Amino acid sequence: MTFKLFKKFLATFLVLLSTNFIYGQHSSEYTNLKQKYPNANQVKLQEETTIEIQLKNGVVSITQSFLEEDIYLNESATMRSKRSLNFSSFFEMEKVEASSLNYINGKYREVEVKEFKEKDELDQSFHDDTKSLNFIYPNLKEGSKTYLNYSEKVKNPRFLSPFYFGGFSPIAHRKVTIIVDKDISLIFKEFNTEHVTINFTKKEKRGNIIYTWEINDVEEYDYESNVTTYKNILPHIVPIITSYIDENDAKVSLLGDVSNLYNWYYSLVKDINNEACDTKLVTIVNELTANKENDLEKVRAIYYWVQQNIKYIAFEYALGGFIPREANDVFQKKFGDCKDNSSILAIMLDVAGLKGNLTWIGTRSIPYSYKDVPTPIVDNHMILAYEYEGKTYFLDATGRYLPIEFPSSFIQGKEALIGNGENDFRIAEVPVIEAKKNAIIDASAIYIDGESIVGKGRSEISGYEKNYYFNYLESIKTDEKRTSFYNSLLQKGSNSFLIDKFEETNKYEYDKNFIVDYDFKITNYVKSIDDEIYVNLNLNKDLSSFKSKKDRKYEVKNTYKSHYEYQITFDIPAGYEVSYIPENIAIENPLISSAITYTRTKNQIKYNHNAEINYLSLSVEEQKKVNKLIKKIEKNYKEIIVLKKK
């Protein structure tokens, strides 16, 4: 054997030896899964859910049991040691068993979790009394397994949760079993299940109907940021109890259609605000509405007062998550959640002789319609609807600096369930605000000073863009941080952009555009070679931020439609003439449009760049179309003007 062959043999032997040594510390189960899922951090070996729905003395009783067994395929296992389980007054935890299993000397050895800590969880949800049970899997490492078995009692039959057949880890085996009394009627709504093979069976046994769903070898779903909701992607089923037979053999309707859901909601709110309105609040309403020219202006004044004076705090318990507090209590405490703000707003309108309607709505993170899923999981927010001259205004007093014509950005395009008393409701769609109403129009006059650009700018901001500015500015306490904020938001050319001074007009005004006048300088921006000067007037390149990655798999969300316009008046330096000026360009499709134009006069070049983002979400195919157009604009972002000494 030559020396070269010996070295090759030795290297191969050492690799095999090393591999056998590493895998010898782990089970064959780990080895097989590591080869099958080389990029996975963990695999769910089994995930089983069993839901028992029974009638006890004419009352629906529900118990859910969960069994999870996971194996960890790399060193990230240690970061997955912490685990928490959420529960609430509607989902009462009954038992929890958890343990780690480590492979030692050819077998798994189990270490039970001994310590569980309970804590309150604050959330911005519509009903929020969530608590969490927190624990740590002991000594978790690569090759470890975890075991978790817990059960909970569902206190309200309207609160059955969806069950999923996919997630962000591979699943070896997933099984869901529902055992339901034959006198209880269920329906099931499927979402995103078209491309997965789920084995479903239904059988009757001893007065129960047993439904079973089972699936094996589910690949992991990729996590991507800026998705509207993974409920649009992950395969899942929503179970709904529509009715049951009570102890008197009478049929009790529960959630068969939207009317059942609304009537339950109405039963929770019908008895609020029956006491006389606080006299101080009456005085405030009278002062706010005095001399207003019409009812809409009265509502506007009241609405803005609630936004400014009732602080939004979301913390609920039990049915308090669905029942607004009394308006007088909200007024005295000066804080409340979305329902409380709607409650005081409704009473203030009533004092003014006007009518507002309590309205239930889901944010854009919930993809279901009221028709498809008439259960409490379809909505998570409450607002007030007001009708004026045939138009519905959707008033969300949890917001700040939100004009009456603008719904909250996160409910645009959503269905709203508008109540109007017992058995009286309607479903309306919240409008999507057009792009031009959410605008940044920035005009600058600039000139060259050595290698720098010096200029004066004026930025006029409206709609949701203005709302973003105001909410952020409200949290800033020092001039230094405010300047830093504007340096970031108004940046042009490069990160050497610095604002020298600024002046704000219409700050915190609801119904006027916000204006910022500022002086700025961009150092080391101008390039000179011999008798030529090179300047790129594309100082703002916002459109690039709307380009998606080529390999993106899922939809991409946009908070709101928007319009941008950048106008630059550039003074040609004395002694120079224009040698080259870029061509104009315009691109457009229904989702996005943009144009860059140059207009030359004797002593100046006027540059205009506008862009309009006309979507709230983009499918993968739409992203490709948008990316294609943005690339054309980006190519022109590199274009420069050339000035030559006369």
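Numbers at a glance
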quantity: Dipole of the chain, positive end: most advanced residue of S88, T78, N248 [Cβ charges, Cα centre]; calculated: T78
quantity: Simple spin-label estimate for E297 and E634 in nanometres, 7 Å along Cα-Cβ; calculated: 5.0
quantity: Residue-span extension gain [K549 to N232] - 0.36 nm each, minus C-alpha spacing; calculated: 112.2 nm
quantity: Student exercise, region 39-251 dipole from Lys, Arg, Asp, Glu Cβ charges, in Debye to nearest 20; calculated: 400
quantity: Region 194-226: trypsin sites (Lys or Arg not before Pro) in DSSP coil with no more than 12 other Cβ atoms inside 10 Å; calculated: R206
quantity: Bridge type composition, the chain - antiparallel percent by DSSP, nearest 5; calculated: 90
quantity: Shape category assigned to region 148-294 from the gyration tensor of Cα positions, a/c cut at 1.5; calculated: oblate
quantity: Point-to-point label distance, R109-N513, nm (Cα→Cβ direction, 7 Å offset); calculated: 7.3
quantity: Helix-only mean residue ellipticity at 222 nm for the chain, each DSSP H run of n ≥ 4 adding -39500 (n - 2.57), per residue, nearest 500; calculated: -6500 deg cm²/dmol
quantity: Dipole of the chain, positive end: most advanced residue of N471, I209, I104 [Cβ charges, Cα centre]; calculated: I104
quantity: Pair Q332, E194: separation of 7 Å Cα→Cβ label points (nm); calculated: 5.6
quantity: Gain in span if fully extended, A574 to S452, counting 0.36 nm per residue against the direct Cα distance; calculated: 42.3 nm
quantity: Helical segments meeting 18 Å axial Cα length and Kyte-Doolittle -1.0 threshold in the chain (DSSP H); calculated: 3-24, 295-309, 338-351
quantity: log₁₀ of I(q)/I(0) at q = 0.17 Å⁻¹ - region 259-429, Debye sum with one point per alpha carbon; calculated: -1.04
quantity: Within the chain: Cβ-based charge dipole about Cα centre, in debye rounded to nearest 20 (Lys, Arg +1; Asp, Glu -1); calculated: 2360
quantity: Relative contact order [Cα under 8 Å, 6+ residues apart], the chain, whole percent; calculated: 9
quantity: Most to least packed among 488-495, 544-551, 334-341 [average Cβ atoms within 10 Å]; calculated: 334-341, 488-495, 544-551
quantity: Using a Förster distance of 25 Å, the FRET efficiency for E48-K82 (Cβ separation, nearest 0.05); calculated: 0.65
quantity: Quarter of the Cα convex hull surface for region 517-637, i.e. its orientation-mean projected area (nm²); calculated: 9.6
quantity: Low-density loop cleavage sites - trypsin sites (Lys or Arg not before Pro) in region 54-150, where at most 11 other Cβ are within 10 Å (DSSP); calculated: K114
quantity: Paramagnetic reach from E405 (point 7 Å along Cα→Cβ, amide N under 12 Å) across region 546-575; calculated: none
quantity: Computed lengthening from K155 to L489, 0.36 nm per intervening residue step minus Cα-Cα distance; calculated: 115.4 nm
quantity: Lysines whose Cα lies under 24 Å from that of K175, excluding same-chain neighbours fewer than 8 positions away; calculated: K34, K36, K44, K95, K145, K153, K155, K189, K202, K203, K205, K231
quantity: DSSP-assigned coil residues among GluC sites (Glu not before Pro) in region 597-646, each with at most 10 further Cβ atoms within 10 Å; calculated: none
quantity: Anisotropy class of the chain from Cα gyration tensor, a/c 1.5 cut; calculated: oblate
quantity: Cβ-derived FRET efficiency at R0 51 Å, Q567 paired with D120, nearest 0.05; calculated: 0.50
quantity: Estimated FRET transfer efficiency (S369, S475; beta-carbon r; R0 56 Å; 0.05); calculated: 0.95
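Readers should treat all values here as calculations from the given coordinates under stated rules, not as data from a laboratory. Everything numeric in this text was worked out from a predicted model, so none of it was measured. Cβ atoms come from the backbone with ideal geometry, glycine included; neighbour counts cover every protein chain shown.
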